[in-house]
Amino acid sequence: MSEVLEYLFGSRVKTRLLRFFLLNPEGEFSVSELVLKNILNRAAVQRELRGLKKIKFVIERSRQNKKYYLLNTKFPFYPELRGLIVKSNVYPQCRSLGKLKEIGDVKLALISGVFLNYPKSKVDMIMVVDNLNRTKLKNLMTNLEAEIGKEVRFVVVTGEEFKYRMNMLDRFLMDFLESPYDEIVNRIPTLRNFVAGLRR
């Protein structure tokens, strides 16, 4: 779906900026923040912002000699564009998930929340990882957030901690497992039967 939007909107830069503003309608962002959060070229961001300002999709404000940009929620096609972006915001477009196994010995990775358009979820991702590489985890999350256009709320636990939480019927974990989620990695053979028991 992201390729479809890129074709419709004309470029990856424009697609990421539109998605970012539509999913963060309350925020005000400098050019530097937009470049950093969306992993985009500064000159390309400035060029697209000029166009988006011209059609009044974004509003420019100045504070202490610095320019900030925010979404114009009165833009005529705001509801339709937001609906389109939200509908397109599903995990198959997240190419960064292919690098998940690089962060360590990944035993489990489950996604919900922003990935599945399920706002009731308290987190977007639960990962069970031994020998975690925190630098690679940080890079993965930075890239995922740039693709999605929104902060990813996640929890990482070790295999031992996950086992303990399952045995204790940890409320947070049970709530997540009883809600809609998808598996990216599952090397815990007992989990599916456990979840089936919860949902009976």
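The values are calculated or read from the model by the stated rules, or taken from the named source; none is laboratory data. Quantities reported herein were computed from a predicted structural model and do not represent experimental measurements. No Cβ is skipped: glycine too gets one built from the backbone with ideal geometry, and neighbour counts run over all protein chains shown.
Of all residues in segment 1-48, count the ones that are of a type in the set (Ser, Thr, Tyr) and either at pLDDT below 90 or assigned by TED's automatic domain parsing to the domain that holds residue 150 (or both). Total satisfying the criteria: 4. A search for C-beta distances below 9 Å between a residue of segment 33-50 that is under 18 Å from residue 71 (Cα atoms) and any residue that is crowded, with 20+ Cβ neighbours inside 10 Å and of a type in the set (Ser, Thr, Tyr), counting only pairs 6+ apart in sequence or on different chains, returns 34/69; 49/69.
Among the residues of segment 109-120, is there at least one that is outside the structural domain of residue 157 (by TED's automatic domain parsing) and charged (D, E, K, R)?
Taking segment 109-120 and keeping what is outside the structural domain of residue 157 (by TED's automatic domain parsing), we get none.
Taking every residue of segment 109-120 in turn, none turns out to be outside the structural domain of residue 157 (by TED's automatic domain parsing) and charged (D, E, K, R).
Of the residues making up segment 142-189, those that are assigned to a strand (DSSP E or B) and not acidic (Asp, Glu) are 154, 155, 156, 157, 184, 185, 186.
Could you please tell me which pairs satisfy a Cβ distance under 7 Å, a separation of 6+ or placement on different chains, a first residue in segment 119-147 that is within 19 Å of residue 86 (Cα to Cα), and a second residue that is among the hydroxyl-bearing types (Ser, Thr, Tyr) and surrounded by fewer than 16 Cβ atoms within 10 Å (Cβ to Cβ)? Listed by first residue and then by second, the contacts come to 120/179; 121/179. If you filter segment 27-42 down to residues that are of a type in the set (A, V, I, L, M) and part of a helix (DSSP H, G or I), you find that the one that is nearest to residue 139 (Cα to Cα) is 36.
Would segment 124-141 turn up any residue that is surrounded by 12 or more Cβ atoms within 10 Å (Cβ to Cβ), more than 30 Å from residue 25 (Cβ to Cβ) and of a type in the set (Ser, Thr, Tyr)? First the steps, then the outcome.
Taking segment 124-141 first, the residues surrounded by 12 or more Cβ atoms within 10 Å (Cβ to Cβ) are 124-130, 132-133, 136-137, 139-141.
Next, from what is left, pick out any that are more than 30 Å from residue 25 (Cβ to Cβ): 128-130, 132-133, 136.
Imposing the further condition that a residue be of a type in the set (Ser, Thr, Tyr) reduces the set to none.
No, that holds for no residue.
The C-beta contact set for segment 148-168 (first residue farther than 17 Å from residue 122 by Cβ, second residue surrounded by fewer than 16 Cβ atoms within 10 Å (Cβ to Cβ) and modelled with pLDDT under 95, distance under 7 angstrom, 6+ apart or interchain) comprises 166/194.
Of the residues making up segment 178-191, those that are surrounded by fewer than 18 Cβ atoms within 10 Å (Cβ to Cβ) and more than 14 Å from residue 107 (Cα to Cα) are 178, 179, 180, 182. Just one residue in the set 83, 98, 159 is outside the structural domain of residue 193 (by TED's automatic domain parsing) and surrounded by fewer than 18 Cβ atoms within 10 Å (Cβ to Cβ); that residue is 83. Flag set for residue 192, criterion: at pLDDT below 90, farther than 27 Å from residue 13 by Cβ, in a helix (DSSP H, G or I) and not assigned by TED's automatic domain parsing to the domain that holds residue 15. Considering every residue within segment 47-54, establish whether at least one is aliphatic (A, V, I, L, M), in contact with a strand residue (DSSP E or B) (Cβ under 8 Å, 6 or more places away or on another chain) and surrounded by 15 or more Cβ atoms within 10 Å (Cβ to Cβ). Yes, segment 47-54 contains at least one residue that is aliphatic (A, V, I, L, M), in contact with a strand residue (DSSP E or B) (Cβ under 8 Å, 6 or more places away or on another chain) and surrounded by 15 or more Cβ atoms within 10 Å (Cβ to Cβ).
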